[in-house]
Amino acid sequence: MTIEEVIFYVLATGAGLGGVGVVLSRNVVYSALALILSLMSVAGIFILLSAEFLALVQILVYGGAVTIIILFAMMLTRVRDMPRAMNGPQWPLAAAVASVFMAVSTIAAVSSQWPGDTENPTVIPLRTLGDSLFRQWSVPFEVASLVLVVALIGAIVLAGREEGE
């Protein structure tokens, strides 16, 4: 087993544990911290794949901006004051379905032949990447940022109404 494989398994474990922490944590702040752990682990996997740009975007956009907006929205909407339904009657079925999905995914990942030429990775010219980002994908990025800003403004308006009542 090479050092790259060891690092991958550590990062994959961190991403998996972070995802489980997001789902199982009863505290919103702890869920956000688990989300950061998961997203940073994915950024580490991108670095192992020699995709440094994607790792940087993962850290800046998802690990930073999205998580901060989620925390602001949760703080401003006073989630603690709302009634919580933590365990519904459907949780055994959900746990069984999730376990079956995890088992099938693990079996598929272990039994697959993974082609890969890590010695000669394909290098995409920076100009091609820039053209794709700023011509083809600029509108979806702007729409996503607009949706996040509108959600944050809505949380602020809701929090302001509760204080004035």
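To keep it simple, each residue is scored yes or no on (1) modelled with pLDDT under 90; (2) in a helix (DSSP H, G or I); (3) of a type in the set (Val, Ile, Thr); (4) more than 20 Å from the chain's Cα centre (by Cα).
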| residue | (1), (2), (3), (4) |
| --- | --- |
| 6 | no, yes, yes, yes |
| 9 | no, yes, no, no |
| 13 | no, yes, yes, no |
| 20 | no, yes, yes, no |
| 61 | yes, yes, yes, no |
| 66 | yes, yes, yes, no |
| 89 | yes, no, no, yes |
| 105 | no, yes, no, no |
| 108 | no, yes, no, yes |
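Considering only residues in segment 3-26 that are of a type in the set (Val, Ile, Thr) and over 16 Å from residue 44 (Cβ atoms), the one that is surrounded by the most Cβ atoms within 10 Å (Cβ to Cβ) turns out to be 22. Is it the case that segment 125-143 has a residue that's modelled with pLDDT under 75, exposed (fewer than 10 other Cβ atoms within 10 Å of the Cβ), at negative phi and not polar (S, T, N, Q)? The answer is no, given that none of the residues of segment 125-143 is modelled with pLDDT under 75, exposed (fewer than 10 other Cβ atoms within 10 Å of the Cβ), at negative phi and not polar (S, T, N, Q).
The values are calculated or read from the model by the stated rules, or taken from the named source; none is laboratory data. On a predicted model such as this, the values are computed, not experimentally measured, just so you know. Using ideal geometry, Cβ is built from the backbone for each residue, glycine included, and neighbour counts are taken over all protein chains shown.
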